[in-house]
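Reading through the structure tokens given below for one structure.
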Amino acid sequence: MSNRVRVATYNIHKSRGLDWRVRPDRIVEVLREIDADIVALQEVVRAPNVRGEDQARFIATELGYQSCFGENRRVDGAPYGNLLLSRFHMRASRNHDISTDGRERRGCLRADIAIGDTTFTSSMCIWERAFLSAVGRHRCWSAERSCNATIWRDLALF
């Protein structure tokens, strides 16, 4: 095994392209090209596609990755949130609610991933553009909350 791990993050915008077509197969193509060991995807919808599969399951299966999903809210009745993909064994995962009152629900998906004899902890949150947003203070608070020691010390994962 190499001593390097390639990690990527990608906001897939519900697998909707610039042409407004929902095509999770295009997401799979991009991820194959990136060839990362661990991938954090945001804005994933678990609604069945024309083949009856949800985006999370389809993408993970096509790539042959292990996966965990953190639901943050529902979109048109379907679970919506973060998806973590890994070529390595995921020991445990848990989604933490980091929402604030009166704002869109947000979550921080934490996973413990076994890489050889080491456990790597990944924490993925939807709070991008924290300092550029019109609701920047809310997003900064979400970012601060996602770094909360409770999430990182969540020993119940083991």
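The values are calculated or read from the model by the stated rules, or taken from the named source; none is laboratory data. Since we're looking at a predicted model, the values are computed, not measured. Don't worry about glycine lacking a Cβ; one is built from the backbone with ideal geometry, like all the others, and counts go over all protein chains shown.
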Review point. Looking at VAL22, VAL28, which one is in contact with a helix residue (DSSP H, G or I) (Cβ under 6 Å, 6 or more places away or on another chain), more than 27 Å from ASP112 (Cβ to Cβ) and surrounded by 14 or more Cβ atoms within 10 Å (Cβ to Cβ)?
Key: VAL22
Practice item. Please specify each residue of the range 60-83 satisfying the condition of being among the hydrophobic types (A, V, I, L, M, F, W, C) and either touching a Ser or Thr at 6+ places or on another chain (Cβ under 8 Å) or in contact (Cβ under 8 Å) with a residue 60 or more places away in the chain (or both). Key: ALA60, CYS68, VAL75, LEU83
Exercise for review: Assess whether GLU33 counts as being surrounded by fewer than 19 Cβ atoms within 10 Å (Cβ to Cβ), free of Cβ contacts under 8 Å to residues at least 60 places away in the same chain and either farther than 18 Å from SER93 by Cβ or more than 12 Å from the chain's Cα centre (by Cα) (or both).
Suggested key: yes
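To keep it simple, each residue is scored yes or no on (1) over 10 Å from the mean Cα position of the chain (by Cα); (2) among the aliphatic types (A, V, I, L, M); (3) at pLDDT 95 or above.
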position: ALA40; (1), (2), (3): no, yes, no
position: ASN49; (1), (2), (3): yes, no, no
position: GLU53; (1), (2), (3): yes, no, no
position: GLU62; (1), (2), (3): yes, no, yes
position: PRO79; (1), (2), (3): yes, no, no
position: HIS89; (1), (2), (3): yes, no, no
position: HIS96; (1), (2), (3): yes, no, no
position: GLU104; (1), (2), (3): yes, no, no
Exercise for review: Determine whether the range 94-107 contains at least one residue that is buried (at least 18 other Cβ atoms within 10 Å of the Cβ) and either out of contact with any strand residue (DSSP E or B) (no Cβ under 9 Å at 6 or more places or on another chain) or under 26 Å from ARG4 (Cβ atoms) (or both).
Suggested key: no
Check your understanding: Scanning for something part of a strand (DSSP E or B) and loosely packed, with under 14 Cβ neighbours inside 10 Å, does the range 41-62 turn up at least one residue?
Key -> no
Check your understanding: Out of curiosity, is ARG4 surrounded by fewer than 17 Cβ atoms within 10 Å (Cβ to Cβ) and either among the aliphatic types (A, V, I, L, M) or within 30 Å of GLY116 (Cβ to Cβ) (or both)?
Key -> yes
